[in-house]
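Peer 1: Pasting in a structure now, in structure tokens, and then I'll have a few things to ask.
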Amino acid sequence: MKPTAGYKNKRYVKEWGFAHYGIDCVSASKNRALYGLGDGVVFDAGLDGLNGKTTGKGSGCGYCLIVIYKDCYNWIFDKRYDVTVTYMHLAEMPKVKKGDKVTADTLLGYYGNTGANTTGPHLHIQFDTDT
């Protein structure tokens, strides 16, 4: 994956008017398939939108997926954390649903261009430890 917009990038704030709390990226090979990052559980999946819209004002982040990965090791701080990973702007409804267990071999879906504030197909991925 090739990053196209970084975490809290000042140019992003200037362009869009709000902070960017994730990383936007695209595939150099044009493969839009998304797989799990390890063993996790789907916290939620669906359309973050207004009246079912997938584009335009009020459509939020489009099709989204939230997976919680438990007990992830942070070698910098020598600690373990539960990590919530949010995937935004998927092309369609995720292939997994709330409560599903995922692994690195699980097809989660495909990134796309749904939701507001997008300029083309990409994955917005966000990592949080406040699960």
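Peer 1: If you check Lys98, Lys70, which single one turns out to be touching a Ser or Thr at 6+ places or on another chain (Cβ under 9 Å), farther than 22 Å from Val26 by Cβ and of a type outside the set (Gly, Ala, Ser)?
Peer 2: Of the residues listed, the single one that is touching a Ser or Thr at 6+ places or on another chain (Cβ under 9 Å), farther than 22 Å from Val26 by Cβ and of a type outside the set (Gly, Ala, Ser) is Lys70.
Peer 1: Can you work out which of the residues in segment 72-91 that are free of Cβ contacts under 8 Å to residues at least 12 places away in the same chain and not in a strand (DSSP E or B) is most open to solvent (accessible area, probe 1.4 Å)?
Peer 2: Here the answer is Trp75.
Peer 1: Considering only residues of segment 60-82 that are within 16 Å of the chain's Cα centre (by Cα) and aromatic (Phe, Trp, Tyr), which is modelled with the lowest pLDDT?
Peer 2: Filtering segment 60-82 for residues that are within 16 Å of the chain's Cα centre (by Cα) and aromatic (Phe, Trp, Tyr), the one modelled with the lowest pLDDT comes out as Tyr63.
The values are calculated or read from the model by the stated rules, or taken from the named source; none is laboratory data. Worth saying up front: this structure is predicted, and the values here are computed from it rather than measured. Positions of Cβ are backbone-derived with ideal geometry, glycine not excepted, and every protein chain shown enters the neighbour counts. Remember, those area values only see protein heavy atoms, side chains included, never the ligands or the DNA or RNA. Shrake-Rupley method; radii C 1.70, N 1.55, O 1.52, S 1.80 Å.
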